[in-house]
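One structure is given here, and the rest of the page talks about it.
The values are calculated or read from the model by the stated rules, or taken from the named source; none is laboratory data. Note that this is a predicted model, so its numbers are computed, not measured. For neighbour counting, all protein chains shown are included, and Cβ atoms are generated from backbone atoms with ideal geometry for every residue, glycine included.
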Amino acid sequence: MSSVPIRVLVAGCGHMGASHARAYHELPAFAIAGLVSRGQESRGRLNAALGGGYPEFDDYYDALSTSRPDAVCISTYTETHAPYALAALEAGAHVFLEKPVADTADDAARVIDAARRAKRALVAGYILHVHPTWQRFIALARTLGTPLVMRMNLNQQSDGAHWATHRNLLAATSPIVDCGVHYVDVMCRMTGARPVRVSGIGARLADDIAANRFNYGHLQVTFDDGSVGWYEAGWGPMMSETAFFVKDVIGPRGSVSISSPAGGSADHDSHTRTDALRLHHAELAADGTFARADEILTLEDEPGHDALCRREQERFLDAIHGRVDLEEHWRSAFDSLRIVLAAEQSAQEGRTIEL
């Protein structure tokens with residue numbers, strides 16, 4: 001393996017971009033080729049936190065042509081994902097792309113096809129793929145029999161700069177798309193079954209977002225093995241913190257749940273952090289009572305958000321060197337996006353969508 005570090009252009013210096021930049025700064029296999037954001041404040045603050053000295057750019061395309069990176073990390077707003085990724089691939093760069101891959105299924109397919117033709121690594125930021133507890137959660141769900149009932153949500157109460165970020169995201173996407181791709185992907189992995197239909201509902205709970213946008217949404221998906229799942233997500237200052245974090249799966253043999261983490265819904269670490277897994281057994285004894293007590297599975301390897309982003313970049317490095325099955329990864333990323341986009345369509349049109 002070459003000892004020359006992979007030069008990465010970091011596009012987007014907000015919460016996710018900063019975490020990925022810290023990973024590149026710390027990992028000897030990478031070197032930051034430049035920081036890109038439309039606002040000087042965010043990239044200047046990040047540059048200073050990393051010790052300064054990295055080139056700064058306010059235009060992505062100028063940064064791409066000037067820095068000529070080996071790879072690009074794209075953590076910008078959803079509507080820029082496809083054009084930025086296509087430009088990077090055309091320039092011969094590998095791409096790490098925050099989810100979702102694009103804001104339409106057609107554009108996502110175009111990006112994946114471009115990576116395949118260019119023979120470059122394209123890794124989408126599905127952070128739960130590198131989370132050991134979530135992988136254990138999926139494995140335990142697979143022991144519960146068929147069909148499964150999967151109940152999940154992530155509501156985020158936000159104000160100030162956090163609500164401003166959510167409003168910017170809402171210009172191009174909805175919570176059930178932006179966040180839902182993670183959890184629909186988890187459902188697909190738990191069932192191993194084919195999704196056949198999806199329905200969605202949504203509500204516009206704020207006057208300062210576009211008239212055609214929902215800042216609250218709920219989707220329901222049905223699989224061909226009889227499994228069903230729902231996912232709920234809402235953003236904004238009006239959101240309740242009651243039951244904001246539900247991660248629960250039920251099957252004929254019992255159930256498994258992630259216990260709610262400490263911290264509020266605005267705490268980014270709480271979105272992936274888990275306190276414990278509770279495994280419930282449905283087996284009954286001869287007298288009709290439960291034969292086995294619930295198991296509380298405590299977790300020793302519980303990485304924080306920055307540590308998870310570092311694991312994502314280590315996986316990106318593996319993909320660059322051909323150690324990741326990218327065809328399976330691309331299929332998973334595309335399928336989860338296709339489902340949540342269909343749910344958004346269902347909410348807009350008031351009808352169930354057959355997949």
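Table for the structure above
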read-out: Within the stretch 211-231, tally of residues that are modelled with pLDDT of 95 or more and either under 17 Å from Q348 (Cα atoms) or assigned to a loop (DSSP other than H, G, I, E, B) (or both); value: 13
read-out: Among the residues listed as E354, E302, E327, the single one being over 20 Å from A82 (Cβ atoms) and exposed (fewer than 13 other Cβ atoms within 10 Å of the Cβ); value: E354
read-out: For G160: the one exception among (1) under 16 Å from E344 (Cα atoms); (2) out of contact with any His (no Cβ under 8 Å at 6 or more places or on another chain); (3) modelled with pLDDT of 95 or more; value: (1)
read-out: 2 or more residues of a type outside the set (K, R) and touching a Ser or Thr at 6+ places or on another chain (Cβ under 6 Å): qualifying helices (runs of 4 or more DSSP H) within the stretch 1-77; value: 15-26
read-out: Test: residue in the stretch 104-112 that is under 26 Å from T165 (Cα atoms), acidic (D, E) and within 14 Å of the chain's Cα centre (by Cα); value: no
read-out: Pair list, Cβ < 8 Å and 6+ apart or interchain, from the stretch 25-51 residues that are closer than 18 Å to P69 by Cα to residues that are modelled with pLDDT under 95 and surrounded by fewer than 16 Cβ atoms within 10 Å (Cβ to Cβ); value: N47/G53
read-out: Close pairs (6 angstrom Cβ cut-off, 6 or more residues apart or separate chains): under 18 Å from S37 (Cα atoms) and touching a residue at least 40 places away in the same chain (Cβ under 8 Å) in the stretch 1-20, among the charged types (D, E, K, R) and part of a strand (DSSP E or B) anywhere; value: M16/E98
read-out: Criterion (aromatic (F, W, Y), closer than 19 Å to A102 by Cα, modelled with pLDDT of 95 or more and over 21 Å from the mean Cα position of the chain (by Cα)) met by exactly one of Y54, Y61, Y84; value: Y61
read-out: Scan of the stretch 83-100 for residues that are in a helix (DSSP H, G or I) and touching a Lys or Arg at 6+ places or on another chain (Cβ under 6 Å), ordered by number; value: L89
read-out: Filtered residues of the stretch 329-354 (kept if within 17 Å of H129 (Cβ to Cβ) and of a type in the set (G, A, S)); value: S332, A333, S336
read-out: The one condition in (1) surrounded by fewer than 20 Cβ atoms within 10 Å (Cβ to Cβ); (2) over 25 Å from N212 (Cα atoms) that D106 fails to fulfil; value: (2)
read-out: Hits in the stretch 205-253 (condition: surrounded by fewer than 15 Cβ atoms within 10 Å (Cβ to Cβ) and either within 24 Å of L170 (Cβ to Cβ) or not assigned by TED's automatic domain parsing to the domain that holds R167 (or both)); value: D207, D208, A210, A211, N212, P237, M238, S240, E241, T242, A243
read-out: Filter result for the condition that a residue is in a helix (DSSP H, G or I), small (G, A, S) and not assigned by TED's automatic domain parsing to the domain that holds A193, over A342, A319, A347; value: A319
read-out: Of all residues making up the stretch 74-103, the number that are among the hydroxyl-bearing types (S, T, Y) and closer than 18 Å to C179 by Cβ; value: 4
read-out: Helices (runs of 4 or more DSSP H) fully within the stretch 112-204 counting 1 or more residues that are surrounded by fewer than 20 Cβ atoms within 10 Å (Cβ to Cβ) and out of contact with any Ser or Thr (no Cβ under 9 Å at 6 or more places or on another chain); value: 132-141, 160-170
read-out: Considering residues of the stretch 322-355 that are of a type in the set (A, V, I, L, M) and farther than 27 Å from Y216 by Cα only, the residue nearest to the chain's Cα centre (by Cα); value: L326
